[in-house]
Amino acid sequence: MSQRQVLQGVMSLLRPLLLDVVPTIQQTAALALGRLANYNDDLAEAVVKGDILPQLVYSLAEQNRFYKKAAAFVLRAVGKHSPQLAQAIVDCGALDTLVICLEDFDPGVKEAAAWALGYIARHNSELSQAVVDAGAVPLLVLCILEPEIALKRIAASALSDISKHSPELAQTVVDAGAIAHLAQMILNPDAKLKRQVLSALSQIAKHSVDLAEMVVEAEIFPVVLTCLKDSDEYVKKNAATLIREIAKHTPELSQLIVNAGGIAAVIDCIGNCKGNVRLPGIMMLGYVAAHSENLAMAVIISKGVPQLSICLSEEQEDHIKAAAAWALGQIGRHTPEHARAIAVINVLPVLLSLYMETESSEDLQVKAKKALKNILQKCTYLPALEPLLHDAPPNILKYVIGQFSKVLPHDSKARRLFVTSGGLKKVQEIKAEPGSLLQEYINTINNCYPEEIVRYYSPGYSEALLERVENYQPVL
Amino acid sequence: MVTACTRAGGGGAGSMAAWAGVRTGVPELLQECFHSSRFVGQYRKTEHAAAVKIQSWFRGCRVRAYIRYLNKMMIVIQKWWRGYQGRKHFRKMLKTAYFIMKMNFYNEMAVRIQKRWRGYYIRKYIHNYYKLKKYLEAVSLNNEIVRKELEQFAETKEKEKEKKDLERKEKKKDHQARKMHYLLSTEQIPGVFNSPFRPSPDPMELRLQKAKPLSHRHQQIKENLTKETSDFPTCTSSWTFPMVQPLPPIARQKPQGPFRDTAEVLLQRYKPLEPTLRAATSINSLEKAREEMKREEWRNRIHDNEFLPFSSCQKNQKYDPLIQSSSKYGQITYGTKHFREEHHEKWVANKDFETVLPPIELFDRCGKTYSRAGQIV
């Protein structure tokens, strides 16, 4: 507490220095305030409570560029901590002055102003709307065209923060002509710029089909696929996020991505990365496969399924595993061919173990169960279903038995295999309520076999036989 | 009685005779009549009854016959009518049966056609297995191509990065060698990098041999080029634009003869100009400086009319009074009558300052010292 008091005392000492005659002292005082506010949100609140902001805003309009940079730095440092502080900055009329700073000649001033606007707009959609109403968006688009790379980065990040809240804000950004310029900058060699540009495009594309189509019309494919091979992890992540946001809207957009070879690129990208960076790529595969069975088949032939199963087994985080399980479920739920492709690589026992484990989060359990259910309802590949017979809980078991009951009546070789592998024995051991679906399936299976075999494998048969031996009177 | 009447009636020719006969037999007749009527009266009831019976039976027969006849006719009509209805119904049934048969036939044929059409349509447009197979093959081919291209792209990027790193290291080492050029070994003293105990000199030694010492001017130029556009409050590293390097010369055949090294010659030929101060100043710098001065004075002047000597200034011009002093409320005396406050009690002598100075004869003769003898009128 005393440290805070000391620091607040510093604040009250710095305040009169802002009004000093010598310009260098003003600039240095502003810089000091900015650095203090940057460090801690209590100090930022102290800056707001100390009525320093109106003075800063007033002199921001008049002073030279160094002071402008320092003052914009203070505004940014205060605005970044919480929505209330950002609202305080908006209330003291700083937005108009910051927008005026965006028109300044010096690129450093523009950068500081754009950074402050971006941090303010980041918190929620009302603040974003306030920034847009101050007329910042066309100036930010002009800033993107400037030659300085740092300014481009900050302007792209500010546009991304503005457009992420709602479709109307994204439409405002698009109407200012941002998409074409952002799309050109994907080819820039600077990695941090690419991060921001890809993030901005994905925030625009995520809201609606029209916006996603406009982003696609800017001819980002196949250039975006080269970003998936970048050496920077976050560029890869943001590129995968952009492709995911485009793919999730309609089957046509997913088709476009598949035709451009996007699936192969994303699968390779998933293979190269580890951890959270993989998540958007996994979700993208799930969305593409969810639209139609042809697209799911395209994912399968691009060798997506082995990669997803590797993700499922390798990753430690539950949410990534949940995403991989969901994606596998979307791929496998369409036709028996799809389910077979998934069952062949032995991922069903993994899904079952994830569902059964008590340590898995609830989200993971729900997704694993749904995926398992969807795949099992279409799976006719019996060798993969057999291990599930032995381990599964009753609610999963009824699907497994259901599938057996559909396949066995028609396939004699499968029947033989079922007996020799011990499946029939296991089926007899299952206790089911009479009249339930499970019992019907069991009856269907039992009807496929001659009575003797069924009786042989029913539990307690050896005891029954021995009893018969005991009661037998030998004929002498 | 009847026979009597007929007998009577028959005797037409002898009518008169007959009539006489009848007239004679009248009382017998009357008795006969009485007996017969009594006779008749006795049997009237039974005869009546019998007649009634007979008649009723006969009427009954007649009616029955009539009814039978009617029945027969009715039967005929109804038979005919029912036959007609039945045939009509049958024809209808036949028609419907025929219609149903036809419709079944059409249905079956339509089913055949539709079966073929649906199979064709679905197999061609909705779920074209072969096209799907081709498409999936094309997708996998495309994937392969994309994967290969991306691999190549990644490889080229890696190579570029490595090359850049290598070049940067080389440049750094060269720069270091240039800074430490004095560590070069001499005839007498071997340098740090050329220890006599080593089998061969360190590569740094070779660099030192090639290095040219740094001059101060190059250092200054380097400082001007670092522009700080990144945010200066929180940035920790400065970031510069890459310098454009000149292209290497095209490799030619070395010319024959003991010529000097082309690089040296070029250096000498294209040595930058370092003129002396005298050569650097332009030939008309004096005029330019004068012009500059004149311009500065012109800039700072309030008006361009030059001050003329007092004697000639009032010859041609009328005096323009101030607007302030020539107001409609009368000319104020300040500026004409008096220019300053006057305190008569402080005067030393009785006279005020002289406001108009007497002309100085020497100056009046300016420009008029020589006679006008030589001037052309």
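Across the stretch A:208-254, the relative contact order, built from alpha-carbon pairs under 8 Å that are at least six residues apart, equals 39 percent. FRET efficiency for the A:GLU470 to A:VAL344 pair, using the beta carbon distance and R₀ = 30 Å, is estimated at 0.05. Within the assembled protein chains, the solvent-accessible surface assigned to A:THR420 is about 100 Å², based on a 1.4 Å probe. Once you put a point 7 Å from the Cα of B:LEU70 and another 7 Å from the Cα of B:GLN317, both along the Cβ direction, what distance in nm separates them? A separation of 16.0 nm, rounded to one decimal place. Against the compact-protein benchmark of 2.2 N^0.38 Å, the Cα-based radius of gyration of chain A scales to 1.40.
Residues within the reach of a label modelled at A:ASP133 (point 7 angstrom out along Cα to beta-carbon, backbone nitrogen below 11 Å), restricted to the stretch A:79-110, are A:91.
Going by the alpha-carbon gyration tensor, a ≥ b ≥ c the square roots of its eigenvalues, is the stretch A:1-98 rounded (a/c under 1.5) or, if a/c is not under 1.5, prolate (a/b greater than b/c) versus oblate? All intermediate terms of the calculation are to be shown ahead of the outcome.
On the way: a/c = 1.91, a/b = 1.15, b/c = 1.65.
Oblate, because a/c is 1.5 or more while a/b does not exceed b/c.
Checking the table B:LYS169/B:LYS210; A:LYS152/A:LYS194; A:LYS194/A:LYS303; A:LYS49/A:LYS110 against a 22 Å threshold on Cα-Cα, which pairs fail?
Details: B:LYS169/B:LYS210 17 Å; A:LYS152/A:LYS194 10 Å; A:LYS194/A:LYS303 28 Å; A:LYS49/A:LYS110 27 Å.
Check vs 22 Å cut-off fails for A:LYS194/A:LYS303; A:LYS49/A:LYS110.
Note that the stretch A:130-139 has calculated 3J(HN,Hα) couplings of 4, 5, 5, 5, 6, x, 7, 5, x, 5 Hz, one per residue in order, obtained from phi through the Karplus relation 6.51 cos²θ - 1.76 cosθ + 1.60 (θ = phi - 60°); glycine and proline are x. For a straight C-alpha distance cut-off of 28 angstrom, the lysines reachable from A:LYS398 (same-chain residues fewer than eight places away being disregarded) are A:LYS321, A:LYS367, A:LYS369, A:LYS370, A:LYS373, A:LYS378, A:LYS406, A:LYS413, A:LYS425, A:LYS426, A:LYS431. What whole number of Å gives the distance from the Cα centroid of the stretch A:198-254 to the Cα centroid of the stretch A:48-77? What the calculation gives is 38 Å, centre to centre.
Here's the list of lysines a cross-link from B:LYS88 could span, going by alpha-carbon distance under 19 Å and ignoring same-chain residues fewer than 8 apart: B:LYS79.
The relative contact order of chain A, computed from alpha carbon pairs under 8 Å that lie at least 6 residues apart in sequence, is 6 percent. Find the centroid of the Cα atoms in the stretch A:400-418 and in the stretch A:437-457, then give the distance between the two in whole Å. If you average the Cα positions of each part, the centres end up 11 Å apart. When the accessible areas of A alone and B alone are added and the area of the pair subtracted, with a 1.4 Å probe, the result is around 2400 Å², both sides summed. Rounded, prolate or oblate: which one fits the stretch B:22-130, using the alpha carbon gyration tensor with axes a ≥ b ≥ c (rounded when a/c is under 1.5, else prolate when a/b beats b/c, else oblate)? It is prolate, given that a/c is not under 1.5 and a/b is the larger ratio.
With the simple spin-label model, which puts each label point 7 Å out from Cα in the Cβ direction, the B:SER215 to B:LYS133 separation comes to 7.8 nm. Rolling a 1.4 Å probe over the protein heavy atoms of the protein assembly as shown, with every protein chain left in place, gives an accessible area that is 57 percent carbon and sulfur. Across the stretch A:380-464, the mean sequence separation of Cα contacts (distance under 8 Å, 6 or more residues apart), normalised by length, yields a relative contact order of 30 percent. Does the stretch A:380-464 come out rounded, prolate or oblate by the C-alpha gyration tensor, with a ≥ b ≥ c the root eigenvalues, rounded set by a/c under 1.5 and, if not, prolate when a/b is larger than b/c and oblate if not? Rounded is the answer for the stretch A:380-464, as its axis ratio a/c remains below 1.5. Computed 3J(HN,Hα) for the stretch B:260-277, one whole-Hz value per residue from the Karplus formula 6.51 cos²θ - 1.76 cosθ + 1.60 where θ = phi - 60°, is 6, 4, 4, 5, 4, 4, 5, 4, 5, 5, 9, 5, x, 5, 10, x, 6, 5, glycine and proline marked x.
The values are calculated or read from the model by the stated rules, or taken from the named source; none is laboratory data. Predicted model, so just to flag it, every value in this text is computed and none were measured. Don't worry about glycine lacking a Cβ; one is built from the backbone with ideal geometry, like all the others, and counts go over all protein chains shown. Just the protein is used for accessible areas: all its heavy atoms, side chains included, with ligands, DNA and RNA removed. Shrake-Rupley method; radii C 1.70, N 1.55, O 1.52, S 1.80 Å.
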